[in-house]
Amino acid sequence: MWTYTVDIFRDLSPGVKRFIATESLFGIGVGILSLILNLHLLELGFSKGDVGRITSLGALTIGLASLPAGFIVKHVGRKTMLVTGMLLAFLSLTVFGFATSLGAVTAAQVIWSLAITAIVNTEIQLIFQYCRSKKEETSAYSLLFAVFTFFTGLGTWLGGYLPDWLHGQTSTYQSAFFVAGGCLALSGILRGLLLPSTHARVGDAGETRGVQGAKPSNQAKRGHAIYFLLLLSLLIFNSGFTYGLLSPFLNVILKFRFQMEDGNISGLLALSGFFFFIGSIAMPYIVERWGSRKTFVFLFLYNMVVVALMALAMPASLFAILLLIRGTGFTMLNNLMDSECMSAVAEEDRNLFAGMRTVSRSIGNTIASFWAGYILAGNHYSLPFVLTAIAMLAGYAVYAWFVQGMLDKRLRDQS
């Protein structure tokens, strides 16, 4: 598998290689933030319910801003939008570092959400633009996420020790925000300098569609395309919901369910990041051998079983093992979902789908994280895992009944 991965990277387009290389700094910054943010808020005196509401506000902001972002990117370009998002992320972490009041924290969260909106509504389409084939798109996305998850794990590990090394004034975690922000700023600057400038190759397709738009057959095809995007968005909604129930609160669950120290939490989550990396690397290898459909089915069922087991009473050591193997499967499923869905969408529809995808994921994430905040405030640390298993089963039903056949057909038609 490693030889296969090295060969894939060697054959990537130059723009793809630069994009993937600069993802490392982005991953470190995000990893630091993912560990320290909730702990910082709790140390400032915010309740677990407050943390849930702040998290859900961020997801809601991303959802509301995503469709407007899809229109903005048409005018400013994908690369410009991406770099702007990276610099806004730096600003957000700077504000987080100084914020102590609810209003200031809320402002920092909104800025962060706008930054992430700019990033997630451009990054996949942009790296796919640098690709030369559909196969390279799948490989590029998997390697991009592999680098992101590996360095997110490194950032998470650093996040557990930076507060002890650097200290802070507003909280123990203040200086760690500035380190994370510096990584994001540098990543944005390097992407602005190194990534090729390119424009969406949709003009001719759009013009042709406009000329033929009066024909009923083409109108029907357009309606079918929108219906397909809506079905994909329903699948992505489920992905956001399952993420929002657990992922933003794993540090809180580990701290209060198992009474872990910050250093142990950061070490475990960093190791989990390495398992994310393994999942990302393995995904294109497995898809090439099993095919998209069989891989989807296996990963849905695998994740459902593992997360259900995590709801049971058990020692911290056994829970840690399940957390690691859950990370591999969860990463593979979401990578497969994002890359296969975007590959199946025509180039002229990708900006629209990016907005729809982000809105759908954000709505699911908002509902789940808001709900999870209240569940954790009641010290119900197993219930989020039960609900995630149920949501996984619902997601599989959506895929099997509504999406599977259409997705397979689109991928065959565009291959």
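When you scan segment 104-111, do you find a residue that is closer than 21 Å to Tyr130 by Cα and open to solvent by 40 Å² or more (accessible area, probe 1.4 Å), even just one?
no
The rows are residues; the columns are (1) assigned to a helix (DSSP H, G or I); (2) touching a Ser or Thr at 6+ places or on another chain (Cβ under 7 Å); (3) under 18 Å from Phe370 (Cα atoms); (4) touching a residue at least 24 places away in the same chain (Cβ under 8 Å).
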{"position": "Gly49", "(1), (2), (3), (4)": "yes, no, yes, yes"}
{"position": "Gly63", "(1), (2), (3), (4)": "yes, yes, yes, yes"}
{"position": "Lys79", "(1), (2), (3), (4)": "yes, yes, no, yes"}
{"position": "Val95", "(1), (2), (3), (4)": "yes, no, no, no"}
{"position": "Val105", "(1), (2), (3), (4)": "yes, no, yes, yes"}
{"position": "Ile127", "(1), (2), (3), (4)": "yes, no, no, yes"}
Which is touching a Gly at 6+ places or on another chain (Cβ under 7 Å), among the hydrophobic types (A, V, I, L, M, F, W, C), farther than 24 Å from Phe353 by Cα and open to solvent by 10 Å² or more (accessible area, probe 1.4 Å), of Val147, Val179? Val147
I'd like to know if segment 23-42 contains one or more residues that are open to solvent by 30 Å² or more (accessible area, probe 1.4 Å) and more than 28 Å from Leu82 (Cα to Cα). yes
What helices (runs of 4 or more DSSP H), lying completely within segment 271-389, carry at least 2 residues that are over 27 Å from Leu57 (Cβ atoms) and open to solvent by 10 Å² or more (accessible area, probe 1.4 Å)? 292-309, 316-344
Pick from segment 129-138 the residues that are touching a residue at least 24 places away in the same chain (Cβ under 8 Å) and out of contact with any Lys or Arg (no Cβ under 8 Å at 6 or more places or on another chain): which of them is most open to solvent (accessible area, probe 1.4 Å)? Arg132
Test Leu229 against the criterion of being of a type outside the set (Ser, Thr, Tyr) and crowded, with 23+ Cβ neighbours inside 10 Å, and give yes or no. no
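Quick grid of which residues meet (1) free of Cβ contacts under 8 Å to residues at least 60 places away in the same chain; (2) of a type in the set (Phe, Trp, Tyr):
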{"position": "Asp7", "(1), (2)": "yes, no"}
{"position": "Pro14", "(1), (2)": "no, no"}
{"position": "Phe19", "(1), (2)": "no, yes"}
{"position": "Gly29", "(1), (2)": "no, no"}
{"position": "Leu33", "(1), (2)": "no, no"}
{"position": "His40", "(1), (2)": "no, no"}
{"position": "Leu82", "(1), (2)": "no, no"}
{"position": "Met86", "(1), (2)": "no, no"}
Looking at (1) within 18 Å of the chain's Cα centre (by Cα); (2) of a type in the set (A, V, I, L, M); (3) more than 21 Å from Ser362 (Cα to Cα), which is the one condition that is false for Ile111? (3)
Among the residues of segment 2-21, how many are modelled with pLDDT of 85 or more and either more than 23 Å from Gly153 (Cα to Cα) or open to solvent by 10 Å² or more (accessible area, probe 1.4 Å) (or both)? 7
Given the conditions (1) touching a Ser or Thr at 6+ places or on another chain (Cβ under 7 Å); (2) open to solvent by 40 Å² or more (accessible area, probe 1.4 Å); (3) not hydroxyl-bearing (Ser, Thr, Tyr), and given that Trp401 satisfies all but one, which numbered condition is not satisfied? (1)
Selection from segment 70-103 of residues in contact with a helix residue (DSSP H, G or I) (Cβ under 7 Å, 6 or more places away or on another chain), within 18 Å of Thr55 (Cβ to Cβ) and open to solvent by 10 Å² or more (accessible area, probe 1.4 Å) yields Val95
Among the residues in segment 362-379, are any over 30 Å from Leu64 (Cβ atoms) and modelled with pLDDT of 90 or more? no
Selected residue (only one of Gly77, Gly58, Gly27, Gly45 is within 17 Å of the chain's Cα centre (by Cα) and modelled with pLDDT of 85 or more): Gly27
Could you list all residues from segment 128-170 that are of a type outside the set (A, V, I, L, M) and closer than 12 Å to Gly31 by Cα? Phe148, Thr149, Phe150, Phe151, Thr152, Gly153, Gly155, Thr156, Trp157, Gly159, Gly160
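The values are calculated or read from the model by the stated rules, or taken from the named source; none is laboratory data. Just so you know, these numbers come straight off a predicted model, no measurement behind them. Glycine also receives a Cβ, built like all others from the backbone with ideal geometry; neighbour counts cover every protein chain displayed. Calculation scope for accessible area: heavy atoms of the full protein, side chains included, ligands and nucleic acids excluded. Shrake-Rupley method; radii C 1.70, N 1.55, O 1.52, S 1.80 Å.
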